1. What pairs can you find where one residue is in region 131-149 and of a type in the set (Lys, Arg), the other is modelled with pLDDT under 95 and buried (at least 17 other Cβ atoms within 10 Å of the Cβ), and their Cβ atoms are less than 8 Å apart, with a gap of 6+ or different chains?
2. Given the conditions (1) charged (D, E, K, R); (2) within 16 Å of residue 24 (Cβ to Cβ); (3) crowded, with 17+ Cβ neighbours inside 10 Å, and given that residue 176 satisfies all but one, which numbered condition is not satisfied?
3. In region 38-54, what count of residues is obtained for those that are open to solvent by 20 Å² or more (accessible area, probe 1.4 Å), in contact with a helix residue (DSSP H, G or I) (Cβ under 9 Å, 6 or more places away or on another chain) and closer than 12 Å to residue 13 by Cβ?
4. Between a first residue in region 6-34 that is basic (Lys, Arg) and a second residue that is surrounded by 24 or more Cβ atoms within 10 Å (Cβ to Cβ), which pairs have beta carbons less than 8 Å apart while being 6 or more apart in sequence or on different chains?
5. Given the residues 184, 209, 218, which is the only one that is surrounded by fewer than 21 Cβ atoms within 10 Å (Cβ to Cβ), at pLDDT below 95 and in a helix (DSSP H, G or I)?
6. Return yes when residue 118 is open to solvent by 50 Å² or more (accessible area, probe 1.4 Å) and at pLDDT 95 or above and no when it is not.
7. Being of a type in the set (A, V, I, L, M) and within 17 Å of the chain's Cα centre (by Cα) is the filter here, so list the residues in region 138-176 that pass it.
Amino acid sequence: MKHQEAALVCFSGGQDSTTCLFWAKKHFSRVEAVCFTYGQKHSLEIEVARKIAADADVPFQLLDVSLLSQLDPNCSLTNTGISMDREKPADSYPNTFVPGRNMVFLTFAAILARGKGIFNLVTGVSEADFSGYPDCRDTFVRSLNVTLNLAMDEQFVIHTPLMDRDKSEVWELSDELGVFDLVRTETLTCYNGVMAEGCGDCPACKLRREGLEKYLKRRR
C-alpha cells in the first residue's frame, strides 16, 4: 500500500538533515529516517542521529554502505591518511567531497522507502553549500528523481527544502520549526566529530558559524 502522506528522510544528525527531519514532520503525517554508515572517520554522528530521531519519535534505520570508502582513496572524510582541505581549490572540489555519496544514499533510500510504501524522500542538499558539490545541485536531484522513477516504475518525489537556502536561512527555518535550540546544541555538523559548535576550524564548522552569526544579526 502506498502512503501518500509519508516521507523518508536521509538523516545524518547534522544541522541540515535535522532541520529537514522536522520540516518533514510538519508536512507529512508519517515520517521515518534512514542513516548511512559509509566509512566516515567518526561514527558519533550515527549515535547523534539515532538519539534525535528517538526523541522526535521517528522510526530510525541504519544502512551500511561502507563500500563507498573503498572506491576512492582521495576523500579526507574516509581516508585517515589525508589532511582535510581548509579551502575550496580553485580548479576542483575540496577533498571532503565523497564521490557519488548522495546518489548512493538517495538510491538506497528509495529502495528502502518503496518496500515501506513510502514515495516521498527528503534530503538536506543545498546549492548554497560552500563547496558546490555536484551531487548537491538541483539538476542532479531532478535527474536522479526521474531515474529512480524509471528504474522502479514508481512516482517518487525527492524534496529538497534547503536547496535555495544559505546557512543563515537554514538557521531561520529551524527557528520557524521551533527546533533552533535543538539544532544548535544537539546536532553534529563538524567534520572532526565535535558536537554542537564543533571544532570551529573545519569548513563545515566555519560555514555553520558564519550562517548562525548572520542569522542572529537579522533575528534581533
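1. 137/127
2. The failed condition is (3).
3. 2
4. 25/31; 30/7
5. Unique residue meeting the criteria: 218.
6. no
7. 141, 144, 157, 158, 162, 163, 170, 173
Residue-wise test of (1) open to solvent by 70 Å² or more (accessible area, probe 1.4 Å); (2) within 17 Å of residue 25 (Cα to Cα).
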| position | (1), (2) |
| --- | --- |
| 108 | yes, no |
| 111 | yes, no |
| 128 | no, no |
| 151 | yes, no |
| 159 | no, yes |
| 164 | yes, no |
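The values are calculated or read from the model by the stated rules, or taken from the named source; none is laboratory data. Note that this is a predicted model, so its numbers are computed, not measured. Reconstructed Cβ throughout: ideal geometry from the backbone, glycine too, with neighbour counts over all protein chains shown. Surface accessibility is based on the protein's heavy atoms, side chains included, excluding ligands, DNA and RNA. Shrake-Rupley method; radii C 1.70, N 1.55, O 1.52, S 1.80 Å.
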